[in-house]
Amino acid sequence: MRQKMAENNQNDALENLLHENRQFPPSPEFAANAVAQASLYEEAAADRLGFWAKQARELLSWSKDFETTLDWSEAPFAKWFVGGEINAAYNALDRHVEAGNGDRVAIYWEGEPGDTRQISYAQLTEEVKKAANAFEALGVAKGDRVAIYLPMIPEAVISMLACARIGAIHSVVFGGFSADALRNRIDDAEAKLVVTADGTYRRGAPSALKPAVDAALSAPGHTVQHVVVVKRNGEPVDWTEGRDLWWSESVETASAEHQAVPHDSEHPLFILYTSGTTGKPKGILHTTGGYLTQTAYSHKNVFDLHPESDVYWCAADIGWVTGHSYIAYSPLVNGASMVMYEGTPDTPHQGRWWEIVQKYKVTILYAAPTAIRTFMKWGREIPDKYDLSSLKLLGSVGEPINPEAWIWYREVIGGGKTPIVDTWWQTETGGMMISPLPGVTATKPGSAQVPLPGIEVDVVDDLGVPVQNGQGGYLVVKSAWPSMLRGIWGDPERYKDTYWSRFDGMYFAGDGAKKDEDGDIWLLGRVDDVMNVSGHRLSTTEIESALVSHESVAEAAVVGAADETTGQAVVAFVILRGSAVDDADIEQTLRNHVGKEIGPIAKPKRILVVPELPKTRSGKIMRRLLKDIAEGREAGDATTLADVGIMQVISDSLKK
Ligand code: WTA
């Protein structure tokens with residue numbers, strides 16, 4: 001499959017970044033105490049596989065040592081730490097208790113209404129053992145799939161680790177996805193069990209989850225045998241006898257004795273669905289040994305983790321890969337204490353995050369640029385009211401961070417002293433790939449800069465030839481990495497096609513990038529039909545399919561238009577059917593329809609009704625031209641359109 005560059009978007013981004021040349025070297029004090037030293041780069045360059053083998057043995061406890069570090073003989077299907085046996089939950093929990101750290105806080109949980117829970121490593125281990133017993137009692141065995149549809153409550157982490165403990169494969173579905181999206185994911189993975197909650201709190205009000213599970217399972221033909229329901233907000237729920245069980249009556253009553261059995265290093269750990277360039281989400285498959293190695297390695301070195309003293313807070317949702325790698329797994333594997341927050345940043349007031357940082361004396365904060373831009377918009381007087389002096393390091397993930405937001409983050413939140421680590425990675429890469437090392441790299445606002453020691457990336461041109469410094473192209477990964485995806489659930493061909501067919505022997509990430517004069521890497525956004533809205537990946541095709549599934553819509557084209565706060569915003573162009581029902585508020589109707597089909601996060605910000613769509617002679621929609629309109633520009637070169645006059649017709653229709 002060929003994907004072409006969204007040229008004008010890239011060029012604009014390039015232009016803006018070319019003027020950025022500030023640098024922030026680490027302070028001598030920070031560098032002196034830093035976990036990661038410059039020698040890591042030399043070590044990894046001298047013997048890359050030996051380096052990873054050493055990391056795997058140092059960071060993890062293996063039940064059986066591995067024999068081969070990497071088996072790449074069936075590339076692009078990798079096997080890491082072959083022959084090794086390991087249990088992810090044992091590594092995240094039991095071993096810390098055995099080492100005498102059972103009393104250390106694993107999770108400081110903060111509910112949106114202000115209720116709190118503090119869970120030690122010993123308690124979390126016990127909870128996970130109970131959940132493992134309960135899931136097994138419900139017939140869940142090694143290799144079975146479990147769908148987890150939960151809000152940001154500790155039971156989400158407990159459920160994930162319980163699956164890992166027994167070798168069941170979890171598929172976490174973001175709570176903001178609709179019943180239809182949940183059902184598609186349940187069906188694709190053939191999940192046996194669903195873990196959910198009655199609901200959660202959103203912006204100060206109870207918000208339901210269980211009804212979506214009931215709706216998802218209302219049509220027959222699914223594989224789900226049981227639904228375990230956590231009571232969170234106490235809202236009334238419908239109940240299916242024999243199928244539904246309360247967490248309090250199944251997990252909490254189960255035995256707290258459970259022996260973790262070792263699993264093969266390549267045993268599947270989880271599936272996580274993400275948007276691709278077609279309508280059908282891809283079930284990204286991750287396995288155990290390599291995933292744990294790279295996530296623990298990056299968490300420790302990039303965040304400069306001192307587990308006995310740091311308080312770490314990753315403000316992502318468990319439904320996304322960041323919540324998997326940097327909430328559920330690596331912080332616990334590394335024995336860290338972390339904050340977990342249920343709600344929105346503006347409830348009950350816009351200082352909520354900073355109040356949490358002050359209360360728990362958070363030292364490391366990991367957040368998305370969209371959140372930072374929102375805080376900028378609210379004004380610095382809000383964070384200025386809180387004591388943020390505990391912070392020693394700030395991380396960014398999910399989308400390119402613009403230099404203004406980077407500087408604001410460092411100045412206002414980090415008191416002008418904290419290193420910022422801009423970490424580039426993807427659901428597919430499992431863990432961080434490109435990032436400064438905080439005690440080593442002189443950071444540049446807006447650039448993720450350098451691959452982590454042990455990772456080999458490059459920027460190449462259309463033909464796969466590395467570009468010179470100062471040039472832009474496509475980001476690729478040149479060699480296998482431990483936490484790489486092992487495939488797409490049930491679709492090995494799509495895996496090869498999507499990531500390995502564009503450039504010979506290289507992983508195609510789908511991102512545009514540029515190397516600056518020093519060879520540092522600047523990410524420039526997606527080059528395919530994937531949008532990035534508030535750091536969430538959405539597929540243009542998926543939203544188009546949702547729109548055309550509505551009876552009033554004949555055709556639809558969706559673009560991601562630049563947006564000050566959310567990075568990109570979904571803008572849809574629709575052609576209505578002649579038979580379209582008379583609806584004065586068709587835009588709202590369609591927006592709700594997309595919400596129902598995919599979830600509220602996918603609702604277009606704007607829907608523009610047009611008489612035609614710009615297409616090439618071969619019938620391909622030229623989204624580039626629509627993007628020009630959506631971003632308020634004069635449409636660019638339209639000479640390859642089948643009907644060159646069409647752009648005029650479209651813009652005239654929008655003026656009416
Ligand atoms: C984008 C999130 C620039 C990128 C971990 C990638 C970034 C997609 C950065 C993956 C960053 C993520 N700078 N862009 N630091 N981090 N991206 O799968 O386009 O939800 O391909 O994983 O987010 O999104 P995903």
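The values are calculated or read from the model by the stated rules, or taken from the named source; none is laboratory data. What you are looking at is a predicted structure, and each value in this text was computed from that prediction instead of being measured. Methodologically, a virtual Cβ is constructed for each residue, glycine included, from the backbone with ideal geometry; neighbour enumeration extends over all protein chains shown. Quick note on the areas: whole protein, heavy atoms, side chains included, nothing else; ligands and nucleic acids left out. Shrake-Rupley method; radii C 1.70, N 1.55, O 1.52, S 1.80 Å.
Here the gap between Ser653 and Gln37, fully extended at 0.36 nm per residue and compared with their Cα-Cα distance, gives a gain of 215.8 nm.
Translational diffusion coefficient of region 550-655 at 37 °C, 0.692 mPa s, Stokes-Einstein with Kirkwood Rh over Cα pairs, in µm²/s as a whole number. Translational D for this selection: 228 µm²/s. As a ratio to 2.2 N^0.38 Å, the alpha-carbon radius of gyration for region 152-305 is 1.13.
With a simple spin-label model that places each label point 7 Å from the Cα along the Cα-to-Cβ direction, the separation between Ser27 and Tyr386 comes to 2.1 nm. With all pairs of separate Cα atoms included, region 334-431 yields a Kirkwood hydrodynamic radius of 14.0 Å. Around the amide H of Asp563, modelled in the peptide plane, lie the amide H atoms of Gln568, Ala569, all under 5 Å away and 5 or more residues distant in sequence or on another chain.
Checking every one of the GluC sites (Glu not before Pro) in region 437-521 against DSSP loop status and a limit of 10 other Cβ atoms within 10 Å picks out Glu517. Here the chain exposes an accessible surface that is 49 percent carbon and sulfur, computed with a 1.4 Å probe and the other protein chains kept in place. Model label sites at Asp462 and Lys478, defined 7 Å from Cα along the beta-carbon direction, differ in position by 2.3 nm.
For region 550-655, lysine pairs with C-alpha atoms less than 19 angstrom apart, excluding pairs fewer than eight positions apart on the same chain, total 6. Express in whole angstrom the spacing between the alpha-carbon centres of region 21-39 and region 265-327. Region 21-39 and region 265-327 have Cα centres separated by 25 Å. Our note on the geometry: Cα centres of region 361-410 and region 184-256, 35 Å apart. Applying D = kT/(6 pi eta Rh) to region 404-505, where Rh is the Kirkwood radius over alpha-carbon pairs, T corresponds to 10 °C and eta to 1.306 mPa s, the Stokes-Einstein value obtained is 102 µm²/s.
In the context of the full set of protein chains, the chain has a per residue accessible area of 37 Å² (1.4 Å probe). How much net charge surrounds Gln37 when only other residues with a Cβ under 13 Å from its Cβ are counted (Lys, Arg +1; Asp, Glu -1)? Spelling it out: positives minus negatives among the neighbours equals -2.
Would you calculate a helix-derived [θ] at 222 nm for the chain, using -39,500 (n - 2.57) for each DSSP H run of n ≥ 4 and dividing by the full residue count, to the nearest 500? Roughly -7500 deg cm²/dmol at 222 nm, from the helical runs in the chain. Taking 13 Å as the cut-off, the amide N atoms of region 315-352 that come nearer than this to a point 7 Å along the Cα-to-beta-carbon line of Trp378 belong to 343-352. Using the Cβ-Cβ distance between Thr616 and Ser549 with R0 = 22 Å, the FRET efficiency computed as 1/(1 + (r/R0)^6) comes to roughly 0.35. With Cα atoms as the point set, the chain shows a radius of gyration and Dmax of 24.2, 74 Å. Figure legend: label point modelled 7 angstrom from the Cα of Asp504 along Cα→Cβ; residues of region 460-483 with amide N under 15 Å from it are 461-466. Look at where the Cα atoms of region 66-80 and of region 433-509 average out, and the two centres are 19 Å apart. For region 89-157, taking the reciprocal of the average inverse distance between every pair of different Cα atoms yields a Kirkwood hydrodynamic radius of 13.4 Å.
Taking the DSSP beta bridges with both ends in region 550-655, the antiparallel portion is around 75 percent.
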